[in-house]
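Notes follow once the structure below has been shown.
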Amino acid sequence: MKARHSLLKGFGGYLPDRIVTNDELATRLETSDEWIRARTGIAQRHVAGPEDTAVSMAARAGQQALDYARVSPDDVDAIIVATSTPDQAFPSTAVRVQAELGITTGFGFDVAAACSGFIYALSTADALIRSGQARSALVIGSEVYSRILDPDDRSTFVLFGDGAGAVFMQATDDADGQGILSTHLHSDGRYGDLLYVDGAIGQSDKSAHLKMQGRDVFRHAVAKLSSSVDEVLAANGLQYEDVSWLVPHQANLRIIDGVARKLRLPPERVVITVDRHANTSAASIPLALNEAVRDGRIRTGDLVLMEALGGGLTWGAALARM
């Protein structure tokens with residue numbers, strides 16, 4: 001009996017219409033375009049408007065992924081949404097998306113792993129497909145970070161943007177080397193206070209703003225993402241030079257450059273969107289993947305490495321043959 005594999009069949013993304021440049025931020029914060037670019041690589045970010053929600057953006061991205069794969073809502077068995085900024089405590093974002101897309105079968109749930117959320121959701125969907133519990137899955141990262149940022153905190157407010165990205169995954173018994181090869185997840189709760197939101201439901205007296213110890217997060221990101229790269233390649237008997245594309249979490253250009261150097265990948269083999277999207281947390285990898293597939297950079301047969309680190313601390317990597 002052949003083993004089941006998960007193929008990446010559809011890709012989608014959504015970015016709010018409003019674009020906020022560094023220069024616009026500099027009109028009210030003690031910062032500058034030069035300061036932000038030098039430290040992060042970010043030039044602009046998309047910011048949700050009144051009509052944009054975690055659900056609406058996820059549904060737009062999800063519909064694009066279904067259209068790309070040329071499948072109907074009836075072909076979706078599972079919906080997994082990675083988000084740290086849901087519109088409601090419950091129902092989950094996933095079941096709201098299920099209703100928006102007219103999907104009346106299967107099941108849906110959310111995953112909360114901050115910026116690592118998409119890797120966690122992808123891994124979960126892959127496990128469901130491999131086990132036979134689902135034949136297909138719509139995996140979405142959707143974030144509205146602009147609504148949890150402290151507008152007076154220069155160190156965090158300039159870093160994040162809003163958006164959603166999605167992939168449609170489908171089971172196959174004849175992968176021919178394609179599909180998700182492996183996923184690797186980690187967390188270490190001892191570092192939970194390095195990156196967190198200081199509020200919760202029932203704490204109306206609190207600000208519920210994102211807080212970050214930037215220098216410590218940067219240090220952990222470089223070390224843990226590098227180890228994840230080694231782990232995923234060792235698990236598949238591959239070398240650095242076998243990787244066709246790095247599609248990293250888009251948090252900071254310096255972190256991305258560091259991992260790319262470890263892989264000995266030239267800049268033209270690394271998908272970069274952080275300059276235009278900023279950090280869209282769980283949406284960043286699927287947004288970048290969608291862009292690179294649609295513009296023809298990533299092609300059938302390419303080996304794609306995805307990796308991310310987020311609050312928790314959580315981190316992980318996934319390897320896929322397109």
### Matching option when the condition is farther than 30 Å from ALA89 by Cα and touching a Leu at 6+ places or on another chain (Cβ under 7 Å), among ARG215, ARG269, ARG219
ARG269
### Message
Quick test of your reading of the structure: GLU241 fulfils all but one of (1) in contact with a strand residue (DSSP E or B) (Cβ under 7 Å, 6 or more places away or on another chain); (2) of a type outside the set (A, V, I, L, M); (3) assigned to a helix (DSSP H, G or I). Name the failing condition by number.
### Response
(1)
### Task
Determine, yes or no, whether THR83 is crowded, with 24+ Cβ neighbours inside 10 Å, β-branched (Val, Ile, Thr) and not assigned by the TED database to the domain that holds ALA282.
yes
### Task
Evaluate the following for ALA208: is it assigned to a loop (DSSP other than H, G, I, E, B) and surrounded by fewer than 17 Cβ atoms within 10 Å (Cβ to Cβ)?
yes
### Summary
Residue set ALA278, ALA320; condition on the phi > 0 side of the Ramachandran plot and aliphatic (A, V, I, L, M); output residue ALA278
### Message
Checking the condition free of Cβ contacts under 8 Å to residues at least 24 places away in the same chain, touching a strand residue (DSSP E or B) at 6+ places or on another chain (Cβ under 8 Å) and of a type in the set (S, T, N, Q), which residue from SER84, SER123, SER92 passes?
### Response
SER92
### Query
Tell me, which strands (runs of 3 or more DSSP E) lie completely within region 12-124 with 2 or more residues that are over 30 Å from THR172 (Cβ atoms) and modelled with pLDDT of 95 or more?
18-21, 44-47
### Message
I need a count of the residues in region 1-27 that are farther than 20 Å from GLU100 by Cβ and either in contact (Cβ under 8 Å) with a residue 24 or more places away in the chain or within 19 Å of the chain's Cα centre (by Cα) (or both).
### Response
13
### Message
Which count do you get for residues in region 1-11 that are part of a strand (DSSP E or B) and either touching a Leu at 6+ places or on another chain (Cβ under 7 Å) or of a type outside the set (A, V, I, L, M, F, W, C) (or both)?
### Response
5
### Query
In this structure, is VAL217 surrounded by 19 or more Cβ atoms within 10 Å (Cβ to Cβ), closer than 20 Å to ALA320 by Cβ and at pLDDT 90 or above?
no
### Query
Got at least one residue in region 171-192 being touching a helix residue (DSSP H, G or I) at 6+ places or on another chain (Cβ under 8 Å) and assigned to a helix (DSSP H, G or I)?
yes
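The values are calculated or read from the model by the stated rules, or taken from the named source; none is laboratory data. Keep in mind the model is a prediction, meaning the values are calculated, not measured. Every residue, glycine among them, receives a Cβ derived from its backbone with ideal geometry; neighbour counts consider all protein chains shown.
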